[in-house]
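The values are calculated or read from the model by the stated rules, or taken from the named source; none is laboratory data. Nothing here was measured: the structure is a model prediction, and the numbers come from that model. Quick reminder, even Gly has a Cβ in these numbers, built from the backbone with ideal geometry, and neighbours come from all protein chains shown.
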Amino acid sequence: MSPCIAFIGGGNMAGAIIGGLRRAGLPAEDLLVVEPVAAQRERLAAEFGVSPLAAADASLARAQAVVWAVKPQLFQEAAVPVAPWVGQALQLSVMAGLRSEAIAAAVGAARVVRGMPNTPALIGQGITGLYARDEVTADDRALVARILQPTGRSVWVDREADLDTVTALSGSGPAYFFFVIEHLVAAAQALGLSEPQARELALATCGGAAALAQHSGEPPSVLREKVTSKGGTTHAAISSLQADGVGQAVERAVQAAHRRARELGDEFGRV
């Protein structure tokens, strides 16, 4: 028997999960969506065959799990009409910053899992960091895995504070790589390649390097050394990056994202 899963919010991340569940065979009638924006409701209905609600109602009482996918600043307002119907359900949040204690208090449910996905989830290539409160059971964890499996991989952490690091690394991380690709393309264009040529080469290089690192048992430092012949072109580039302190700059960037994640938790995570 399929579980009934409710989504509060029907934006991109919710759509990625819903689409994956539909492709995995979950019936549309077992997917409940509350989405106040009419255009979003129409899109979800057209793409996935679901029948989104404009507002919460008693049908939410069917849900075994509730996926919170609203903007964190809208959570408290969204929780008020939803809470009376979902207190017995597992709560899965994919909202940034909102701590599990605040979610549990607003919804009246102790079984809360927080997840930090990233945007490659939209094509099934994401990774989600997950934290479960003590009340979450093994069956609950298995249901979370089933819900998120179509979006990519997942990693459980033991401390909720570690989700701030997950946010800084993998949650924000795709933007770091897009930033590097942007500048690789710009450099190649300045040296005479066309934008389509530079973009294709940069994307293939980044994708191939990531795939090689995934499949190799060697650390990235060793993989880097294998393509860095002393006195060669790669050595010249790496030496330039090191002279400019790029490695330390990347580490400082992750630390800055981590600090901001903690600040957002303090701002939105108040009970």
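For the condition modelled with pLDDT of 95 or more, of a type in the set (S, T, N, Q) and surrounded by 15 or more Cβ atoms within 10 Å (Cβ to Cβ), what is the one hit in Thr151, Thr128, Thr119? Working first, answer last.
Working: Thr151 fails: modelled with pLDDT of 95 or more; Thr119 fails: modelled with pLDDT of 95 or more.
Sole residue among the options that is modelled with pLDDT of 95 or more, of a type in the set (S, T, N, Q) and surrounded by 15 or more Cβ atoms within 10 Å (Cβ to Cβ): Thr128.
How many residues, within region 32-86, are closer than 23 Å to Met116 by Cα and basic (Lys, Arg)?
1
Tally time: how many residues in region 10-47 are in contact with a helix residue (DSSP H, G or I) (Cβ under 8 Å, 6 or more places away or on another chain), among the aliphatic types (A, V, I, L, M) and without any contact (Cβ under 8 Å) to a residue 40 or more places away in the chain?
So the answer is 6.
For the list (1) touching a helix residue (DSSP H, G or I) at 6+ places or on another chain (Cβ under 9 Å); (2) closer than 27 Å to Glu160 by Cα; (3) crowded, with 17+ Cβ neighbours inside 10 Å, I need the number of the one condition that Val50 fails.
(2)
Residues to consider are Leu169, Leu241; find the one that is touching a residue at least 24 places away in the same chain (Cβ under 8 Å), part of a helix (DSSP H, G or I), of a type outside the set (Ser, Thr, Tyr) and touching a helix residue (DSSP H, G or I) at 6+ places or on another chain (Cβ under 8 Å). Break it down stepwise before answering.
Details: Leu241 fails: touching a residue at least 24 places away in the same chain (Cβ under 8 Å).
Of the residues listed, the single one that is touching a residue at least 24 places away in the same chain (Cβ under 8 Å), part of a helix (DSSP H, G or I), of a type outside the set (Ser, Thr, Tyr) and touching a helix residue (DSSP H, G or I) at 6+ places or on another chain (Cβ under 8 Å) is Leu169.
Scan region 124-160 residue by residue and report those that are without any contact (Cβ under 8 Å) to a residue 24 or more places away in the chain and under 15 Å from the mean Cα position of the chain (by Cα).
Ala145
Of the numbered conditions (1) crowded, with 17+ Cβ neighbours inside 10 Å; (2) not in a loop (DSSP other than H, G, I, E, B); (3) not basic (Lys, Arg), Leu26 fails exactly one; give the number of that condition.
Single failed check for Leu26: (2).
Out of the residues in region 193-217 meeting the condition of being outside any helix (DSSP H, G or I) and touching a helix residue (DSSP H, G or I) at 6+ places or on another chain (Cβ under 8 Å), tell me which one is surrounded by the most Cβ atoms within 10 Å (Cβ to Cβ).
So, considering only residues that are outside any helix (DSSP H, G or I) and touching a helix residue (DSSP H, G or I) at 6+ places or on another chain (Cβ under 8 Å), the one surrounded by the most Cβ atoms within 10 Å (Cβ to Cβ) is Leu193.
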